[in-house]
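Asker: I'd like to ask some things about the structure below.
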Amino acid sequence: TELTFMRRGCERFPVVVSPFLVKNSDGVTMIYSATVRDIAGQKQAEAALRDSEELFRSLATTAPVGIYLADAQGECIYANAQWCDMSGMHPDDALGGGWINSVHPEDRPYVIEHWNAFMKSEVDWGLEYRFQTPDKKIVWVYALATAQRNQAGEIVRYIGVNLDITARRQAEMEQRATEERYRRIVQTAQEGIWTIDASARTDYVNPKMADMLGYTVAEMLGRPLDDFMDEEGRALSANNVERRRQGIAEQHEIKFRHKDGSDFWASVVTNPITHAQGDYVGALAMVTDITASRQAQIQREQLERKMQEKQKIESLGVLAGGIAHDFNNILTVILGNVELLRSHVTQVGPPAVERLDEISKTGWHARDLVQQILSFSRRQPIVLRQMALGPVIEGSLRLLRAGLPQRLSLNFDCAADLPLVRADATQIGQVVVNLVTNAMQAIHCGPGKIDLILDSLIPDTEFLQVHPGLRIMFEKYQGRIVRLTVKDNGPGMDVAVRNRVFEPFFTTKPVGQGTGLGLSVVHGIVQGHGGAIDVESQPGLGAEFAIYLPAVSEQLSLRS
């Protein structure tokens with residue numbers, strides 16, 4: 001029986017009284033006796049346990065996480081309402097091993113394997129998996145569990161907590177889906193995408209960008225921007241990178257170097273990449289291939305220059321032709337009077353005869369100059385006949401070899417079975433003489449060689465890309481073209497001289513040593529034959545003039 005006693009000082013305390021009787025042999029009660037046990041400590045422990053259980057129950061009931069308890073064998077003995085809400089399971093159904101049925105079927109073997117391993121280890125449990133509720137709703141949870149032990153170190157139960165991480169997992173999946181979507185867009189984009197780090201090294205290119213430059217993506221990663229440019233591009237790139245560091249975004253055109261060594265022109269839209277604090281960490285570029293349009297622009301500019309040269313030559317030709325015609329009449333009178341004076345040679349002394357010879361020699365030289373001017377102006381009639389160019393060129397070279405310095409070699413290579421052309425033999429001879437003479441003067445005092453090559457070709461697309469200035473002539477005729485090439489190993493020409501080489505009266509020779517008409521006359525004769533002329537030269541690498549004339553058999557295919 002529980003009673004309450006009072007100590008001195010009126011302090012009450014609980015006791016348990018156990019009475020018993022002492023009887024004699026006759027069964028008569030002789031003594032009344034009782035034991036009294038102080039249970040104040042027991043009562044306090046029971047109260048503390050009740051408080052602890054109430055506190056746990058309160059926490060488990062109000063906590064925003066799922067809480068469950070399992071016995072030493074891992075069987076569920078308690079699950080709070082939040083755990084049941086997550087799993088969609090009634091508390092009674094979760095008891096024992098029933099809780100595993102709330103786990104998604106695909107995750108169930110994985111969870112069982114890890115739960116069994118957890119009970120055999122000394123390490124707390126942490127695992128992400130899915131619940132599947134009866135209505136097929138999916139709930140992602142992160143489960144934490146730890147073992148509780150008694151004073152002897154024996155496991156008496158397991159306590160676990162489930163955190164609902166469905167929102168986080170959905171956000172992660174959406175982020176991955178977004179990243180994958182943008183990755184596909186970038187990977188399949190028809191524009192080049194290129195990013196560099198703060199030191200201008202490549203840290204990303206998409207496949208299109210790598211393909212534009214002839215590389216693989218792996219070959220470009222980590223390499224500096226300068227590796228993909230020539231000297232001109234590097235200077236421009238350095239300036240652009242500095243502008244990105246200053247936070248400037250802009251669009252510009254820049255020349256890259258393709259893996260095969262060719263030029264690659266691109267329109268580039270660049271933007272700086274910065275940290276949230278504003279620190280520069282690199283740049284992003286959107287790259288568009290404009291090589292074809294650049295080449296077309298260069299071709300247009302070349303054609304425009306040729307048209308301007310043609311118009312200039314034609315204008316000067318009209319003027320020169322008129323002057324030459326009148327000057328030729330004057331020369332005719334002078335030379336006629338010289339011949340009349342020769343009839344009186346017996347009446348004058350030798351000095352006068354020498355003067356007449358000098359006048360006659362100079363007059364005929366002037367007439368030759370007039371003939372060149374007339375050829376240049378197209379006032380000189382051209383008589384075109386079917387002929388093979390080889391013999392005509394050989395005849396001109398025989399005359400040239402007679403006065404050829406020993407320091408020069410003059411070689412002629414003529415291909416077999418060349419088609420005929422319609423040409424004026426005299427004027428073709430003048431073309432050969434002028435080109436060879438020009439080469440001899442270019443070589444000047446140094447030893448050298450001049451090579452003439454006569455062959456034929458059928459222009460194709462690749463040839464026209466290399467020689468866009470000849471497109472007009474080649475588009476006019478169909479079929480084979482006869483080509484005469486004259487090349488020397490002289491000092492060559494820079495771009496400025498090469499662009500003006502066919503201008504009348506343009507010369508690089510000192511005053512008094514050249515008229516500047518030789519190559520202009522060649523240009524006029526070639527055009528008079530319906531042909532075209534091209535020149536290639538670089539300083540220190542000599543010069544190469546190529547004349548193209550339509551073959552006779554092909555002239556019947558002249559386009560209207």
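Asker: Sort largest first and round to whole Å: the equivalent ellipsoid semi-axes of the stretch 137-222, each the square root of five times a Cα gyration tensor eigenvalue. Spell out each step's value before the answer.
Answerer: On the way: eigenvalues 515, 68, 18 Å².
Ellipsoid semi-axes (Å, largest first): 51, 18, 9.
Asker: 5 Å is the cut-off here: which amide hydrogens, built 1.01 Å from N in the peptide plane, fall below it relative to Trp265, excluding neighbours closer than 5 in sequence?
Answerer: HN-HN under 5 Å from Trp265: Phe256, Ile290, Thr291.
Asker: What is the gain in length, in nm to one decimal, between Ala235 and Glu2 on full extension, counting 0.36 nm per residue of separation less the C-alpha to C-alpha distance?
Answerer: Result for the pair: 73.7 nm of gain on full extension.
Asker: Would you work out which of Val486, Leu454, Phe412 lies farthest towards the positive end of the dipole of the stretch 406-501? Charges go on Cβ: Lys and Arg +1, Asp and Glu -1.
Answerer: Result: Val486.
Asker: How much length is gained if the chain between Leu221 and Gln441 is pulled fully straight, taking 0.36 nm per residue apart and subtracting their Cα-Cα distance, in nm to one decimal? Before the final figure, lay out the partial values.
Answerer: Details: separation 220, 0.36 × 220 = 79.20 nm, distance 5.33 nm.
Length gained, Leu221 through Gln441: 73.9 nm.
Asker: Oh, and also: Treating cross-link reach as a plain straight distance, find the aspartates and glutamates whose alpha-carbon is under 17 Å from the alpha-carbon of Lys255, omitting any fewer than eight places away in the same chain.
Answerer: Cα-Cα hits under 17 Å: Glu191, Asp211, Asp226, Asp227, Asp230, Glu231, Glu232, Asp263, Asp289.
Asker: How much solvent-accessible surface does Lys259 expose, in Å² to the nearest 10, with a 1.4 Å probe and all protein chains in place?
Answerer: 100
Asker: Rounded to the nearest 0.05, what FRET efficiency do Val123 and Leu95 give with R0 = 25 Å and r taken as the Cβ-Cβ distance? Could you check? Let's see the in-between values first.
Answerer: Working: r = 26 Å, r/R0 = 1.04.
The calculated FRET efficiency here is 0.45.
Asker: Now, a different point. Dipole of the stretch 138-281 (Lys/Arg Cβ +1, Asp/Glu Cβ -1, origin at the Cα centre): which of Leu236, Gln187, Val141 lies farthest to the positive side?
Answerer: Most positive-ward Cα: Val141.
Asker: Also, quick follow-up: Sorted by mean Cβ packing within 10 Å, highest first, what order do the peptides 388-401, 173-186 take? Spell out each step's value before the answer.
Answerer: Values: 388-401: 16.1, 173-186: 10.8.
Answer by packing, highest mean first, reads 388-401, 173-186.
Asker: Amide H of Tyr129 versus every other amide H placed in the peptide plane: which residues, excluding those fewer than 5 positions away on the same chain, fall under 5 Å?
Answerer: When sequence neighbours closer than 5 places are left aside, the close amide H contacts are Val141, Ala143.
Asker: Applying a 10 Å radius around every beta-carbon, put 146-156, 101-111 in order of their mean neighbour count, most first.
Answerer: Numbers: 146-156: 10.4, 101-111: 15.0.
Per-residue Cβ counts within 10 Å, averaged per peptide and sorted highest first, yield 101-111, 146-156.
Asker: Across the stretch 126-143, in residue order, what do the Karplus-derived ³J(HN,Hα) couplings come to in whole Hz, using 6.51 cos²θ - 1.76 cosθ + 1.60 with θ = phi - 60° and x for Gly and Pro?
Answerer: So the Karplus estimates, Gly and Pro as x, are x, 8, 9, 7, 10, 8, 10, 6, x, 8, 6, 6, 9, 10, 7, 10, 10, 9 Hz.
Asker: Can you tell me how the stretch 174-218 classifies by the Cα gyration tensor, rounded, prolate or oblate, using a/c under 1.5 as the rounded cut? Don't skip to the answer; put the middle values down first.
Answerer: On the way: a/c = 2.81, a/b = 1.42, b/c = 1.98.
Oblate, because a/c is 1.5 or more while a/b does not exceed b/c.
Asker: Taking 0.36 nm per residue of separation and subtracting the Cα-Cα distance, what length does fully extending Glu503 through Ile290 add?
Answerer: Numbers: separation 213, 0.36 × 213 = 76.68 nm, distance 3.29 nm.
73.4 nm is the gain from fully extending Glu503 to Ile290.
Asker: State the answer as a single residue: which of Ala283, Ser293, Val269 lies farthest towards the positive end of the charge dipole of the stretch 261-312, with beta carbon charges of +1 for Lys and Arg and -1 for Asp and Glu, about the Cα centre.
Answerer: Ser293
Asker: Here is a follow-up. So, for the stretch 108-211, what is the accessible surface per residue at a probe of 1.4 Å, expressed in square angstrom?
Answerer: Numbers: 6350 Å² over 104 residues.
With all protein chains present, the stretch 108-211 gives 61 Å² per residue.
Asker: Among Cys414, Cys10, what's the order by accessible area (1.4 angstrom probe), most exposed first?
Answerer: Details: Cys414 60, Cys10 100 Å².
Order by accessible area, largest first: Cys10, Cys414.
Asker: Further, regarding this structure: Using a Förster radius of 51 Å, what is the FRET efficiency between Arg184 and Asp38 based on their Cβ-Cβ separation? Nearest 0.05, please.
Answerer: Numbers: r = 80 Å, r/R0 = 1.57.
FRET efficiency, Arg184 to Asp38: 0.05.
Asker: Tell me, what ³J(HN,Hα) does each residue in the stretch 227-232 have, in order and in whole Hz, if you take phi through Karplus 6.51 cos²θ - 1.76 cosθ + 1.60 with θ = phi - 60° and put x for Gly and Pro?
Answerer: For the stretch 227-232, the Karplus-derived couplings read 5, 10, 9, 8, 4, 4 Hz, x marking Gly and Pro.
Asker: Now a separate question. Each residue of the stretch 522-529 in turn: what ³J(HN,Hα) in whole Hz from Karplus with 6.51, -1.76, 1.60 and θ = phi - 60°, glycine and Pro shown as x?
Answerer: Values, residue by residue: 4, 4, x, 5, 4, 5, x, 8 Hz.
The values are calculated or read from the model by the stated rules, or taken from the named source; none is laboratory data. Because the structure is a prediction, the values reported are computed rather than measured. Glycine gets a Cβ as well: all are built from the backbone with ideal geometry, and neighbour counts include every protein chain shown. The area values use the complete protein model at the heavy-atom level, side chains included, leaving out ligands, DNA and RNA. Shrake-Rupley method; radii C 1.70, N 1.55, O 1.52, S 1.80 Å.
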